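The values are calculated or read from the model by the stated rules, or taken from the named source; none is laboratory data. All values reported here derive from a predicted model rather than from experimental measurement. For neighbour counting, all protein chains shown are included, and Cβ atoms are generated from backbone atoms with ideal geometry for every residue, glycine included.
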Amino acid sequence: MGFDTLLGNDRLKQNLTGAFARNRVSHFYLLSGPAGSGKKTLASLVAAAALCSGENRPCLHCAHCRKVMAGMHPDFITIDDPEKKFVPVELVRNARADVFIQPNEAERKVYLFPRAQDMRMEAQNALLKILEEPPAYGVFLLLTDNAEKLLPTVRSRCTELALQALPEHILRPALEKACPAASQQQITGAINRSGGYLGQALGILEESEDATQTTTAFLQAYAASDAYGLTQVLAPMEKWKRDMLVEELERWLLVLADALSARSGSTPTQPMADKICVSRSAQDLLRAIGILQKVIDYARRNISPGAICGYLQWELR
Ligand SMILES: [Zn+2]
């Protein structure tokens with residue numbers, strides 16, 4: 001069953017498999033769920049099922065399925081301009097004209113609206129006109145992380161496919177497979193913070209991988225009093241989001257505090273603290289700790305990451 005490519009969501013997958021087997025395909029589907037819940041994966045599978053020429057749709061083997069999954073089927077059309085804050089109304093109007101041109105290769109034509117919540121009234125009204133008189137071969141997939149932002153008249157025409165959070169016994173093996181380098185502790189942390197959505201958990205793991213690299217690079221530069229290395233670490237951080245920056249600086253603070261107490265005889269517990277306590281004096285460490293505490297406070301009081309990183313480059317060099 002092709003729908004099994006999507007993790008969890010068993011009821012939803014059973015319903016869709018049954019509907020496509022009986023050829024009871026809706027014209028309009030509303031795929032709803034938070035970021036990282038699998039809306040795009042499900043949209044590709046529904047599009048493949050709608051265009052598939054095999055059995056057990058989507059078969060994922062026929063030419064139609066393979067083209068959809070590769071994002072290159074001429075009858076699977078995305079209506080969006082990711083550069084724009086809102087989906088431009090002209091694109092929706094163009095789609096409305098395009099709908100009446102017969103499919104190129106398949107028996108149906110599928111239109112994907114990847115962020116229906118970012119369609120203003122005007123665009124939603126243009127969409128509504130399509131929804132009121134669709135051609136028999138038209139299938140429309142509206143994706144949203146906030147179905148409340150859609151006009152009730154749009155929403156009521158759609159078959160809603162609501163994506164659910166995944167239980168830990170499904171999420172954990174998927175994350176272990178996708179991120180083989182992550183520790184069990186990191187995976188548990190990502191599961192707890194993700195709300196049960198695979199895409200979010202993967203994002204958290206990638207972020208923590210980047211963060212670990214940044215922390216190590218900072219500690220090496222600081223231990224070696226390497227001003228150039230410090231600049232290399234801080235320059236990309238100027239573009240970070242404030243809360244991510246604070247988390248990172250708090251990690252640095254933790255290690256430096258650990259190195260300081262190691263200087264008065266305690267055993268260091270943080271990685272790299274042993275090296276820093278040898279190469280940097282207690283006075284250096286006290287000063288750096290004071291600076292970090294100060295900038296963490298600045299960051300919390302809305303000073304920009306750019307200004308903070310510039311100040312740190314100057315003060316910690
Ligand atoms: Zn197929």
- In segment 199-258, how many are within 21 Å of ARG317 (Cβ to Cβ), in contact (Cβ under 8 Å) with a residue 60 or more places away in the chain and in a helix (DSSP H, G or I)? 8
- Task: Kindly establish whether LEU60 is over 25 Å from SER194 (Cβ atoms) and within 14 Å of the ligand (Cβ to nearest atom).
- Result: yes
- Query: Given the structure, is ALA49 within 16 Å of the ligand (Cβ to nearest atom), without any contact (Cβ under 8 Å) to a residue 60 or more places away in the chain, assigned by TED's automatic domain parsing to the domain that holds TYR137 and touching a Pro at 6+ places or on another chain (Cβ under 8 Å)?
  - Reply: yes
- When segment 63-87 is examined, which residues are found to be surrounded by 14 or more Cβ atoms within 10 Å (Cβ to Cβ) and within 16 Å of the ligand (Cβ to nearest atom)? ALA63, HIS64, CYS65, ARG66, LYS67, VAL68, MET69, HIS73, ASP75, PHE76
- Query: Among the candidates SER208, SER225, SER194, SER156, which residue alone is out of contact with any strand residue (DSSP E or B) (no Cβ under 6 Å at 6 or more places or on another chain), crowded, with 16+ Cβ neighbours inside 10 Å and either in the same structural domain as ASN15 (by TED's automatic domain parsing) or closer than 21 Å to GLN270 by Cα (or both)?
  - Reply: SER208
- Task: Could you grab the pairs with beta carbons closer than 8 Å, sequence gap of 6+ or different chains, first residue in segment 86-112 and closer than 13 Å to ALA126 by Cβ, second one in a strand (DSSP E or B) and of a type in the set (A, V, I, L, M, F, W, C)?
- Result: VAL87/PHE113; ALA95/ILE77; ASP98/ILE77; TYR111/ILE77; TYR111/VAL139; TYR111/PHE140; TYR111/LEU141
- Message: Would you confirm, using the coordinates I've provided, whether SER53 is at negative phi and either assigned to a loop (DSSP other than H, G, I, E, B) or touching a His at 6+ places or on another chain (Cβ under 7 Å) (or both)?
- Response: yes
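Looking at LEU31, LEU91, LEU7, can you tell me which residue is modelled with pLDDT of 95 or more, assigned to a helix (DSSP H, G or I), within 26 Å of ALA147 (Cβ to Cβ) and of a type in the set (A, V, I, L, M, F, W, C)?
Working: LEU31 fails: assigned to a helix (DSSP H, G or I); LEU7 fails: assigned to a helix (DSSP H, G or I).
None of the others qualify; the one that does is LEU91.
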- Task: Within segment 299-317, work out how many residues are assigned to a helix (DSSP H, G or I), within 28 Å of the chain's Cα centre (by Cα) and in contact (Cβ under 8 Å) with a residue 12 or more places away in the chain.
- Result: 6
- Note on the structure: By residue number, the members of segment 1-40 that are within 21 Å of GLY138 (Cα to Cα), within 16 Å of the ligand (Cβ to nearest atom) and not hydrophobic (A, V, I, L, M, F, W, C) are THR17, ASN23
